[in-house]
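Presented below is the structure to which this report refers.
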Amino acid sequence: MSENLMPHPEIVYVTCCDNGVFGLEYLLACGVSIRRVITIPPEVARQANVSGYCDVVPVCRKYGIEVVVLDRYNIEVGHLGGEPLDLLIVNGWNRLIAGSVIERFRYGGLGVHAGHPPIGLGRAPLPWNIIKGHEDLEVYVFRLTAQADDGDIVARFPVEITALDTAATLYEKVMWRTAILFETALQEFPRALLEAQAQDLRFAIHYEKREPKDGAIDFRWSCRRIHDFVRAQTHPYPGAYCYLDGVRWTIWECAPFDRFSFREQQRVPGEVLLALPHGLVVATGTSPIWLTEAEAEGKVVIPGDLEALRSFVGRCFTTAIDTADGTIVPVSG
C-alpha cells in the first residue's frame, strides 16, 4: 500500500436495510475495520415504512462491533461519539444526512445510488429504471452531500437490466455490486475520494418518491408497459394493483402471453380472456398479458384452482384513480 493511503480509517457505517447488512458483512470479510454501526430498531422501521428493513444488531454482536440504535429515523452529531473519525459510509438508509454530520468526519462520507448520473437522482431508482424501460443502469459510490445523490463519483460500474429482471432480482444485483464498489473505494482511501469526478448537475433529473398508491395498473397501456410496471414493483415493494368487481388485486408477477391470440375479437382492456393452470390471460391496449401471481385483499388467488380461475373469465379488471380527498375509487378501464 502506498504511503499516501490510509490502512485503517476510523469508519462509521449506517444502515437499516438488507442491502446495507449484506455490504457490511462483505466489507468485514475483506478485512475492513468498522468502528461503529448506526441503525434503527424494528418499531421505528415500521413507523417509517422502511422497505427491505433488516436488523443489523445480530451481525454487530457476531463481529464485536459497537452499535448505536436510534429511537427515530434521523442521525444527529451527538450520535457519533467524541473521538476523531475519518469516514462515514451510508448504505441502506433512506434519509438525507445533515451537512453537520458529514462535516464531523475528516474525509466526509460515502453513499451509493443507481441510475444514469446525473439523471435519476432521488427516490426509488430501481423501480423507476424498470418502469422507464431502461436496459441498464450504473451503480455508483459518491461523496455525500446534504442533497440527494449529487456528490462527486468515487467508483462506478454498469449493471444490466434484463427482460427477466424484477425489482427483487435487480435489487440483489445492485446490492452485490455496491459492496464491491465500497471495497474498491476503500482500497484506495483516501486518494479515491480526492480524485472523485464531479457530476454535471446542469443536467440533473430527480425521480420522485413512489407511494403504494402509485402502483395502479391501467390495462389500456401496452402489454410491455404493464409487464415492466408489475416487475418494477414486486417484492420487496408494495406491488402493482387493480380492481375486479370492487375488490383490490395485487399483481406480483405477469408475463406477455401471445401476440397472435385473440386478434379476431374486439379488444376490451382489462377483460379476462382465458383461465389456464398458470393464471389469467387479460386484454391490454395491445396484446394480452398473463397474470401468473396475484392476491385479492391479501389472499392468494393465482396460482389457484383452475375451476375457480375460470369463474373470472369475461369479467373486467379496472384501474384505480385517486380522488381529491385521497380515497381510491375503482373506475372502468
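The values are calculated or read from the model by the stated rules, or taken from the named source; none is laboratory data. Keep in mind that what you see is a predicted model, and the values were worked out from it rather than measured. Note that each Cβ is placed from the backbone with ideal geometry, even for glycine, and that neighbours are counted across all protein chains shown.
Worth a mention:
- Residue identified as part of a helix (DSSP H, G or I) and either among the aromatic types (Phe, Trp, Tyr) or surrounded by fewer than 21 Cβ atoms within 10 Å (Cβ to Cβ) (or both) among Gly78, Gly82, Gly133: Gly78
- Residues (part of a helix (DSSP H, G or I) and touching a strand residue (DSSP E or B) at 6+ places or on another chain (Cβ under 6 Å)) located in segment 25-68: Ala45, Val57, Cys60
- With respect to (1) surrounded by fewer than 18 Cβ atoms within 10 Å (Cβ to Cβ); (2) touching a residue at least 12 places away in the same chain (Cβ under 8 Å); (3) of a type outside the set (S, T, N, Q), the lone exception for Pro58 is condition (2).
- You will find that of Gly78, Gly108, Gly122, the residue that is at pLDDT below 95 and out of contact with any Asp or Glu (no Cβ under 7 Å at 6 or more places or on another chain) is Gly78 and no other.
- Residue in segment 234-279 that is surrounded by the most Cβ atoms within 10 Å (Cβ to Cβ), counting only those that are hydroxyl-bearing (Ser, Thr, Tyr) and in a loop (DSSP other than H, G, I, E, B): Thr234
- The lone exception for Asp18 - which of (1) within 29 Å of Gly239 (Cβ to Cβ); (2) among the acidic types (Asp, Glu); (3) out of contact with any Phe, Trp or Tyr (no Cβ under 8 Å at 6 or more places or on another chain) it fails: (3)
- Number of the condition not met by Val101 [criteria: (1) more than 23 Å from Leu194 (Cβ to Cβ); (2) in contact with an Asp or Glu (Cβ under 8 Å, 6 or more places away or on another chain)]: (1)
- Any hit, segment 170-179, residues being touching a helix residue (DSSP H, G or I) at 6+ places or on another chain (Cβ under 7 Å), at negative phi and free of Cβ contacts under 8 Å to residues at least 40 places away in the same chain: no
- Restricting attention to segment 148-189 and to residues that are outside any strand (DSSP E or B) and among the acidic types (Asp, Glu), the residue that is surrounded by the fewest Cβ atoms within 10 Å (Cβ to Cβ) turns out to be Glu172.
- Residue match in segment 31-43 (condition: within 19 Å of Ile180 (Cβ to Cβ), surrounded by fewer than 16 Cβ atoms within 10 Å (Cβ to Cβ) and hydroxyl-bearing (Ser, Thr, Tyr)): yes
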